[in-house]
Amino acid sequence: MEISKLFEQIIELAVQKKASDIYFLPKSKNYEVKIHTSNGVIQLSELDFSLAKRVITFCKYQSGMSVSEKRRPQMGSISYILKKQKLRFRLSSVGNFNNHESLVLRIIYDNEKNDYQFFESHSLDDLINLSNQRGLMLFAGPTGSGKTTTIYKVARALPNNEIVMAIEDPVEIFEDRFLQLEVNNRADMGYANLLKVGLRQRPDVFIIGEIRDSETAKMAVRAALSGHLVFSTIHSKTPGGTIQRLLELGVDDSQLKSALNSVTYQRLIPNQNNQSCALLSTKSKNVFEMKSDDLDKWQSALNRLNEKGLITNENFEKYKFG
C-alpha cells in the first residue's frame, strides 16, 4: 500500500471519531496508532517498525521537518484536504532511548466542523452576558475539551465594532472579523511578545490561546486591568485550581482579584446517543474565594444531567472529579 494512502485512511478514521490527536507510539515490537477522542484514547491499529517509520518520514517531509533528525524534538504543520474538508495538522516528534521516534498530530478542523451542542442551553447565554463586562474570563479543562470553540462562540456575539485580537498556538478557528496572530517561537514571537505588540494595536478584546508561563499570565492580567476584555485558557484539573495556577505563575493576588471576570470549567461528555456535548460550570461571583478542590457546582451540574437521563451512570462517575 502507498504510504500516502495509508496516511489518508488513518486520518479518515480519526476524523470519523472527531479525534483531536493522532499518536504514533513505539513499543518493544511494533508501533501503536492511537487517537484521542472525547471518550478517551482509542487504539486504531498496530504497524511494524518499517511501515511506521515510513509513515512518520512521510509526515515529517510533508510538514517541512528534518527527515534525517530522529532524536531531537521537532515541530511542523501540514494543510490537508480530506473529501473536501479542510484540515490542518500540527506535528510534534521526538526520539526515545532506542532511537525510535514518536509522532503526535494535533487535528485542527476547518472552523467549526468539530462543533458541539451544550447540555444546558443557558450556558452560552450566561457567558455572553458576562462578556459585557471587562476583565479576564478564564476557561479551564483538558486538551480537546472545546474551550477555544466556546471562546469563539462568545466573542462572535460581541458588537461588530469591537476590535478582537486573537493570539494562538496554533490558530484553530478562522474568523475574518478578528485579527488573528500565530505564535512563532523561532521568530521570538511567543505569547508574551505578541501581547506586548497587541497592546500597542489597541484592540478592545484579546483572545489568548493559553496561559503557559509567568510573563504571559502577568500580561493577561495587565491587559484586563487596563480595560480590555480578555479570554484565555489555562490547564487545571478543577475550576478552583485555575486561581492557584495563576498565583503559582507569580500573578499578584490583589491584581488577579481585580482582573477576574469569571472562571469556566468545561468538558465534552458523551450523551446517551454517544455524541459529545459540552458541560460548562461557570463561576463569576466570589470567584477568587474558590478553593483549589472546589467541585460542588461542577458535580451539581453533572448530577442534573444524570437525573434527567442525559448521561450514563458510568460517565457520571468518570467525570465527577473534573
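Read-outs: derived from the displayed coordinates by stated rules, not from any lab. Bear in mind the structure is a predicted one, so any value in this text is a computation, not a measurement. Cβ coordinates were reconstructed from backbone atoms using ideal geometry, including for glycine residues, and neighbour counts include every protein chain displayed.
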Item to check | Elements of type strands (runs of 3 or more DSSP E) contained in the range 142-241, each with 3 or more residues being buried (at least 22 other Cβ atoms within 10 Å of the Cβ) | outcome: 164-168, 205-208, 229-234
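One line per residue, one yes/no per condition, for (1) over 19 Å from Lys237 (Cβ atoms); (2) of a type in the set (A, V, I, L, M, F, W, C):
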residue	(1), (2)
Leu280	no, yes
Lys283	no, no
Asn286	yes, no
Trp298	no, yes
Ala301	no, yes
Leu310	yes, yes
Asn313	yes, no
Glu317	no, no
Lys320	no, no
Checklist entry - How many of the residues in the range 245-269 are over 14 Å from Gly322 (Cα atoms), surrounded by 18 or more Cβ atoms within 10 Å (Cβ to Cβ) and either out of contact with any Ser or Thr (no Cβ under 6 Å at 6 or more places or on another chain) or hydroxyl-bearing (Ser, Thr, Tyr) (or both)? => result 7
Next on the checklist: Consider the range 298-322. How many of its residues are more than 18 Å from Ser145 (Cβ to Cβ) and not in a helix (DSSP H, G or I)?
Outcome noted: 3
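Would you mind finding the one in Leu138, Leu127 that is assigned to a strand (DSSP E or B) and not charged (D, E, K, R)?
Among Leu138, Leu127, only Leu138 is assigned to a strand (DSSP E or B) and not charged (D, E, K, R).
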Item to check | Residue list for the range 36-72, filter: surrounded by fewer than 15 Cβ atoms within 10 Å (Cβ to Cβ) and aromatic (Phe, Trp, Tyr) | outcome: Phe49, Tyr61
Checklist entry - Tell me, which residue of the range 88-132 that is exposed (fewer than 15 other Cβ atoms within 10 Å of the Cβ), of a type outside the set (D, E, K, R) and touching a residue at least 40 places away in the same chain (Cβ under 8 Å) is farthest from Val230 (Cα to Cα)? => result Asn98
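Conditions tested, residue by residue: (1) in contact with a strand residue (DSSP E or B) (Cβ under 8 Å, 6 or more places away or on another chain); (2) touching a residue at least 12 places away in the same chain (Cβ under 8 Å).
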{"site": "Val221", "(1), (2)": "yes, yes"}
{"site": "Leu225", "(1), (2)": "no, yes"}
{"site": "Ser232", "(1), (2)": "yes, yes"}
{"site": "Lys237", "(1), (2)": "no, yes"}
{"site": "Ile243", "(1), (2)": "yes, yes"}
{"site": "Lys285", "(1), (2)": "no, no"}
Checklist entry - Conditions: (1) without any contact (Cβ under 8 Å) to a residue 40 or more places away in the chain; (2) polar (S, T, N, Q); (3) closer than 23 Å to Lys5 by Cα. Gln85 meets all but one. Number of the miss? => result (1)
Next on the checklist: List the residue pairs whose Cβ atoms are under 7 Å apart, where the first residue sits in the range 185-206 and is within 12 Å of Ile163 (Cα to Cα) and in contact (Cβ under 8 Å) with a residue 12 or more places away in the chain, the second is part of a loop (DSSP other than H, G, I, E, B) and among the acidic types (Asp, Glu), and the two are 6 or more positions apart or on different chains.
Outcome noted: Asp204/Glu162; Val205/Glu162
